[in-house]
Amino acid sequence: MNDWQLPKAGSRIFFVGIGGISMSGLAELAQADGFVIAGSDRHLTQRTAHLAAKGIQLYEGHSANWIDRFQPDLLVHTAAVHADNPEWQRALEQGIPVIDRASFLGLINRTYPRVINISGTHGKTTTTALCALMLIEADLDPAVHLGAELRQFHGTVRTSQKREIMVSEACEYMNSFLRFHSTTAAVLNIDYDHVDCFADLDDVVRSFTAFTDRLPDEGLLIMPDFDRQVMRMLEALSLKRQEQKRSLPRLVFFGIEDTAAEQALVDLPLAIDISATYNGRDLHYQQGMPCFTLCYQGEPVCQIQMRVPGRHNVANALAAAACAHQNGADFTSIGRVLNSFQGAEGRFTDVGQYQGARVIADYAHHPAAARVTFAAANLLPHRHLWVVFQPLTFSRTKVLFDDYVAALKDSEAIIFSEIYSDRESQPVQVSSRMLADRINELGGHAWFAEKPDQIRQWLNERAGPEDVILVMGPENIRDFADQLTGRTSHLQ
């Protein structure tokens with residue numbers, strides 16, 4: 001990877017799996033940088049239609065003929081595409097370089113003097129969107145690569161005229177973020193996830209340690225003061241830097257002042273210098289929405305009344321504020337964004353009404369994310385809270401089965417859709433039906449639906465005015481939420 005360089009402007013780049021949320025954004029960024037772009041995907045969608053409208057050549061399905069027709073100088077593939085793909089094979093036959101999506105994103109961010117990479121098991125999209133909007137509000141003109149659609153971008157990415165700052169999500173899956181270059185790195189939290197590529201939680205901590213070790217000595221590392229796994233990472237990073245005879249990057253912490261978990265920082269068994277702190281003070285809720293005082297170095301700088309719910313989003317807001325302020329944004333701009341932000345697509349998105357009930361759709365697919373999203377929804381005014389949940393990947397559901405049950409068992413009523421996976425060809429012996437059965441064994445109220453029509457019928461019998469329907473899981477089940485309400489555009 002370190003030997004790769006971007007081809008010269010005007011070169012032709014072919015994206016295999018171009019319809020993916022990250023790949024489509026990369027294609028747009030590459031086109032804006034002067035490359036000629038084409039790509040293929042199994043199915044053409046609204047997302048690929050958006051690319052076609054920008055003049056990008058699209059091919060439906062996978063065929064070696066697409067390479068013969070387009071004659072690219074470089075082929076970029078998504079992680080879901082493997083070496084038996086016909087475009088990949090033809091590229092190799094013709095001596096065309098082939099790299100993965102993460103490596104290409106790493107090459108893109110190396111072209112910017114300052115790069116803010118936002119990592120963590122949960123909250124990356126929201127935090128990246130907030131940080132980007134703060135920088136935009138402060139007239140710093142960042143380029144942005146986001147893992148969801150944002151109304152302000154009319155899509156997933158933003159190009160930059162100044163080309164001085166890039167903000168991007170940095171995902172740990174398959175150690176993708178180890179291909180990236182950062183001058184600022186945020187680690188929002190660390191949980192055990194992506195069980196198909198990490199052996200255990202210790203393995204995940206090692207991956208984040210390697211990611212943060214890629215920071216230059218003068219770089220910025222932004223972290224919560226309340227996450228014990230992040231503290232484990234910091235301890236490992238400190239020992240690693242001592243062995244290398246290198247100093248730690250500058251350390252910036254954020255936290256919510258009313259939590260006993262702040263002891264995580266106090267308990268860290270090493271001496272560290274802290275460059276800056278950002279805290280949320282006096283957290284309370286109005287109509288389910290968090291309100292707090294944003295403090296910098298212990299001093300209040302602005303009052304915040306958020307329009308997205310949940311304690312977890314307070315943490316995301318503080319992390320974004322730290323990233324943006326440390327890269328030049330003023331607190332007036334930061335406050336304006338935090339007081340007006342309504343969320344990225346699929347992150348506690350209000351998608352409309354069904355039988356008078358408010359329908360909320362959220363990507364929460366990991367047990368920890370489901371737990372905090374459910375807690376946030378419970379704070380909203382409601383008569384009943386009906387939960388629709390679809391787990392993502394068979395392997396994750398099997399390994400984290402008990403965590404799913406613990407996170408969801410206290411629902412007033414929950415219906416499960418079958419597990420969704422687009423990257424596992426050999427499903428393990430696990431089903432959403434087993435989750436429902438276990439919750440019922442524990443005294444809960446759970447159902448299993450084999451088909452979407454059964455979920456609709458279940459809601460028909462229950463949902464009404466003043467209720468909230470919380471739909472959680474991957475895009476597959478969030479599309480069902482759109483169908484319920486008749487929403488046709490993610491950017492409405």
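The values are calculated or read from the model by the stated rules, or taken from the named source; none is laboratory data. As the structure is a prediction and not an experimental result, all values here were calculated from the model. With ideal geometry, Cβ positions are generated from the backbone for all residues, glycine too; neighbour counts draw on all protein chains shown.
Overview of results
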{"read-out": "Hits in the range 22-43 - residues which are within 10 Å of L105 (Cβ to Cβ) and of a type in the set (S, T, N, Q)", "value": "S22"}
{"read-out": "Criterion (of a type in the set (S, T, Y) and modelled with pLDDT under 95) met by exactly one of S421, S432, S417, S411", "value": "S421"}
{"read-out": "Checklist (1) buried (at least 18 other Cβ atoms within 10 Å of the Cβ); (2) modelled with pLDDT under 95; (3) of a type outside the set (G, A, S) applied to L44, failing item", "value": "(1)"}
{"read-out": "Test: residue in the range 257-270 that is at pLDDT 95 or above and either assigned to a loop (DSSP other than H, G, I, E, B) or of a type in the set (A, V, I, L, M) (or both)", "value": "no"}
{"read-out": "Residue that is nearest to V468 (Cα to Cα), among those in the range 409-450 that are in contact (Cβ under 8 Å) with a residue 40 or more places away in the chain and hydrophobic (A, V, I, L, M, F, W, C)", "value": "A413"}
{"read-out": "Residue match in the range 22-32 (condition: outside the structural domain of P224 (by TED's automatic domain parsing), of a type outside the set (F, W, Y), in a loop (DSSP other than H, G, I, E, B) and surrounded by 14 or more Cβ atoms within 10 Å (Cβ to Cβ))", "value": "no"}
{"read-out": "Selection within the range 133-163 - within 20 Å of L220 (Cα to Cα) and either under 14 Å from the mean Cα position of the chain (by Cα) or not assigned by TED's automatic domain parsing to the domain that holds G219 (or both)", "value": "V144, H145"}
{"read-out": "Candidates L130, L105, L135, filtered to the one that is buried (at least 24 other Cβ atoms within 10 Å of the Cβ), under 30 Å from T373 (Cβ atoms), touching a residue at least 60 places away in the same chain (Cβ under 8 Å) and in contact with a Gly (Cβ under 8 Å, 6 or more places away or on another chain)", "value": "L135"}
{"read-out": "Members of the range 75-88 that are touching a residue at least 12 places away in the same chain (Cβ under 8 Å) and either farther than 11 Å from F15 by Cα or under 27 Å from the mean Cα position of the chain (by Cα) (or both)", "value": "L75, V76, H77, T78, A79, A80, V81, N85, P86"}
{"read-out": "Criterion: part of a helix (DSSP H, G or I), on the phi < 0 side of the Ramachandran plot, in the same structural domain as A375 (by TED's automatic domain parsing) and surrounded by 14 or more Cβ atoms within 10 Å (Cβ to Cβ) - qualifying residue of F480, F448", "value": "F480"}
{"read-out": "Any hit, the range 114-124, residues being among the polar types (S, T, N, Q) and part of a strand (DSSP E or B)", "value": "yes"}
{"read-out": "Residue check for T397: loosely packed, with under 14 Cβ neighbours inside 10 Å, of a type in the set (S, T, Y) and in contact with a helix residue (DSSP H, G or I) (Cβ under 9 Å, 6 or more places away or on another chain)", "value": "no"}
{"read-out": "Filter result for M166 (under 19 Å from T111 (Cα atoms) and surrounded by 23 or more Cβ atoms within 10 Å (Cβ to Cβ))", "value": "yes"}
{"read-out": "Some residue of the range 408-427 being in contact with a His (Cβ under 7 Å, 6 or more places away or on another chain), of a type in the set (G, A, S) and farther than 26 Å from M306 by Cβ", "value": "yes"}
{"read-out": "Selection count where residues are among the polar types (S, T, N, Q) and either surrounded by 19 or more Cβ atoms within 10 Å (Cβ to Cβ) or part of a loop (DSSP other than H, G, I, E, B) (or both), scope the range 87-102", "value": "1"}
{"read-out": "One residue from D213, D200, D193, D141 being among the charged types (D, E, K, R) and surrounded by 22 or more Cβ atoms within 10 Å (Cβ to Cβ)", "value": "D193"}
{"read-out": "Criterion (in contact (Cβ under 8 Å) with a residue 60 or more places away in the chain and either surrounded by fewer than 24 Cβ atoms within 10 Å (Cβ to Cβ) or over 16 Å from the mean Cα position of the chain (by Cα) (or both)) met by exactly one of A364, A369, A344", "value": "A369"}
